[in-house]
Amino acid sequence: MSIKSSPLYSPSNFYIANSITDQAKAAAASTSQAVVATPHKIVVNSPEYFGFCTLGGILACGPTHSAVTPLDLVKTRRQVNPALYKSNIEGWKSIIKTEGGLPAVFTGVGATFIGYSFQGAGKYGLYELFKYLYGDLLLGPETAFNYRTSLYLASSATAEFIADIFLCPWEAIKVKQQTSIPPYAKSVFEGWRKEVAAEGIAGLYKGLTPLWARQIPYTMVKFASFERVVEAIYNKLPKKKEEYSKLAQTGVSFLGGYIAGIFCAAVSHPADVMVSKVNVEREAGESMVHSLSRIYSKIGFMGLWNGLPVRIVMIGTLTGMQWLLYDSFKLAVGLPTTGGH
């Protein structure tokens, strides 16, 4: 018996069956394509989110601080010895001429890269973490928003306190390399070995207190002013943040970061001078209080502001670039930029 002569066969049944089969195949193909095409989304305030923020902090801080090593070198030397160079240009010319050519202006770059990569990881990653813990979990979203400036200040202070513990040894080596003429160590690792051999691990932390005094106010101003400046910029613009292109959003991040950097430099500069002085001049067995008092009696109030114009340029550019890199990385992995929500 042929199929067509079967009592179960009819043309309409045949075409209906084929139609159902085709629809099922199309639906399956569509579902398969959707599964393949759907990108992985990072959940904000998840462990993965904080991990990416930590990585973004490394990328933002390590390379940027390393790039301004020539400025930092002259600034640090002028803080320790104001009579050494009359200007930054004179300083660079002298270093290039007497200390081995152009590479000499990057003295301390190894310690800078390692130290500020560690610090960037803690500063940005922990800031996002503590902002979530203090805000969403401790205060609640409404209270956190109403007191958001205090939330930014508290979160950044806690993050920087921890981050500086990882930065401090490398900062000590960097300052020692930059202020010893010629540098007392050819590499960061040679510097580590010499410092540990001379004073032990504790010697690498003798500048921790002034480092906290410099970095914690600096970071509090950096994050709080950035968040509020970015918020103010978007409030003045005609569209919501999400309606602007990625390029426009990162442009706002750079502008907000540069403005925040100017405030940062002014607030933290006296402590920056003392960090340089303490790492070079603190005597073995001398208490921190006595060391700070002795150094201050020698340089006076005006001495705390040596090198400020250079540092404003350096920190403004540095902070702007850091926020640009950090928020560009966040956009690249599918996260929103910081601030202005």
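Checking every residue in the range 326-333 against the condition of being over 21 Å from V80 (Cβ atoms), in contact (Cβ under 8 Å) with a residue 60 or more places away in the chain, among the aliphatic types (A, V, I, L, M) and touching a helix residue (DSSP H, G or I) at 6+ places or on another chain (Cβ under 8 Å) gives at least one match. For the range 164-181, the condition of being more than 26 Å from V105 (Cα to Cα), assigned to a helix (DSSP H, G or I) and at pLDDT 95 or above holds for at least one residue.
Quick check on S155: is it touching a Phe, Trp or Tyr at 6+ places or on another chain (Cβ under 8 Å) and either farther than 15 Å from L208 by Cα or exposed (fewer than 15 other Cβ atoms within 10 Å of the Cβ) (or both)? Judged against the criteria, S155 is a match. Those helices (runs of 4 or more DSSP H) of the range 29-139 in which at least 3 residues are farther than 28 Å from L335 by Cβ and assigned by TED's automatic domain parsing to the domain that holds I165, considering only elements entirely within it, cover 69-80, 88-98, 109-132. What do you reckon, is S268 hydroxyl-bearing (S, T, Y), touching a helix residue (DSSP H, G or I) at 6+ places or on another chain (Cβ under 9 Å), closer than 23 Å to N88 by Cβ and assigned by TED's automatic domain parsing to the domain that holds S328? Here the answer is yes, as S268 does meet what is asked. Within the range 190-211, the residues that satisfy the criterion of being closer than 22 Å to V68 by Cβ and assigned to a helix (DSSP H, G or I) are G191, P210, L211.
The values are calculated or read from the model by the stated rules, or taken from the named source; none is laboratory data. Since the structure is predicted, the reported quantities are computational estimates derived from the model, not experimental observations. So basically every Cβ, Gly included, is an ideal-geometry build from the backbone, and we count neighbours across all protein chains shown.
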